[in-house]
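Step one of this worksheet: look at the structure below.
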Amino acid sequence: MQIEGRLKQSFSDGLETVKIINVETIYSNYDNPNNIFNTYAMIHFLSQNISSKQATAIGLLAVALWSFVISLIRSLSLHMGAVGGAAMMYTLSTVLIWLIFGRPHLRNYNRSYLFWASVFFVGCELCLSLSVGFAQNARQAVEIGMVNYLWPTFTIVGAVYFNKQPSKWWIVIGFVLSFLGIATVLGGDVGLSVSGIYHNVRTNPGGYIMAFADAVFWAAYCTLTARVKAEGSSVGFFFALVSILLWIEYFLSGADTLSFDSVSLGYAVAAASCMGLGYAVWNIGISRGNLTVLAGASYFIPVLSAVVSSFLISAPLSMTFWQGAGMVCLGSIVCWLATRRKRMA
């Protein structure tokens, strides 16, 4: 729910943990006098002239913005279709991200990284938008979004296994808690039940599979970027790729679902803004603010997203759902704590 969506994962210093979300640094682009977007250099100025507490507060806005993404994608898909709505949203997000981050400098990356990072990032965003967009009802959209929020746990496991991040043995407890939480959510009103999960998932297996793939893709992207220590502004390039692929799919499908009335455009702008502005304020937060506070807050996005969805799209959520959502958050936090290193006195 996703979102460089969906964060740069560079919390190893202040968090002593794996990195959380891959947001690329914005600073390299403002040194270029030929950058036509230099009017937006005020973001760079602000990030250099605010206190740590102010930067943390700004960074926390990203958590609030990202909490609206699932419900806005769902609402947009009802007005413009799953594919058309996603294409419009990512196009607007691309424009916004280019305005904020500047033109992507692909020469900073080797071809191997660009290829695999593109596969993981594009796969992630396509799975996120289409799985939520094709949900059969509001509750299913929230459940699919919750499956997507397995990515923090997968990211931490990837950092431990592939990037040799030190961890405690009880990271396994966090991993199990996260999966039990998802199982509880997918069980519907029955809760943690194999038959309940089966009957629920079979109504839209493609959506749930894409949501799971989304979590895996994002964790892989974050692990790869952390491993090669990639820096720059590639997020704009990846968002452009997502937009192009979605438009190709839309036109090839022969769909005619786009609607340009004020309500539809309002949802498109709102969804794109939550994504694009989320990355901008998060970048300021992780650059100048308290990373520990920001990391802790980001683990509560699943619950916040569910709360927002219960109001915006009137998703009927039972007590068992909230129990499962809480377990997902708790599992992620346990995994995070298991990777923290003791501070030197």
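The phi-based Karplus calculation (6.51 cos²θ - 1.76 cosθ + 1.60; θ = phi - 60°) puts the 3J(HN,Hα) values of region 93-99 at 5, 4, 4, 5, 5, 5, 5 Hz, whole numbers, x for Gly and Pro. Stretching S195 away from M319 to a fully extended chain increases their span by 42.8 nm, per 0.36 nm per residue minus the current alpha-carbon distance.
Extension gain, F251-Y113: 0.36 nm per intervening residue step, less the Cα-Cα distance, totals 46.7 nm.
Measuring nothing but protein heavy atoms, the accessible surface of region 69-169 at 1.4 Å probe radius is 67 percent carbon and sulfur.
Between F260 and R227, full extension at 0.36 nm per residue minus the direct alpha carbon distance yields a gain of 7.6 nm.
Rounded to the nearest 0.05, the FRET efficiency derived from the C-beta distance between W170 and V95 at R0 = 35 Å is 0.20.
Percentage of Cα-Cα pair distances in region 158-224 greater than 13 Å, rounded to whole percent? The answer is 72 percent, as a whole percent.
Oblate is the label for region 196-276, because the ratio a/c of its alpha-carbon gyration tensor axes (a ≥ b ≥ c) is 1.5 or higher and a/b is not greater than b/c. Pull out a ≥ b ≥ c, the square roots of the eigenvalues of the alpha-carbon gyration tensor of region 104-213, then state rounded if a/c is under 1.5, prolate if not and a/b is larger than b/c, and oblate in the remaining case. Oblate. Please state the shape class of region 105-170: rounded when a/c is under 1.5, otherwise prolate if a/b exceeds b/c and oblate if not, all from the C-alpha gyration tensor. Cα axes put region 105-170 in the oblate bin.
The values are calculated or read from the model by the stated rules, or taken from the named source; none is laboratory data. What you see is a predicted model; the values in this text were computed from it and never measured. All Cβ positions, even for glycine, are placed from backbone atoms using ideal geometry, and neighbour counts span all protein chains on display. Areas reflect the complete protein model, heavy atoms only, side chains present, ligands, DNA and RNA absent. Shrake-Rupley method; radii C 1.70, N 1.55, O 1.52, S 1.80 Å.
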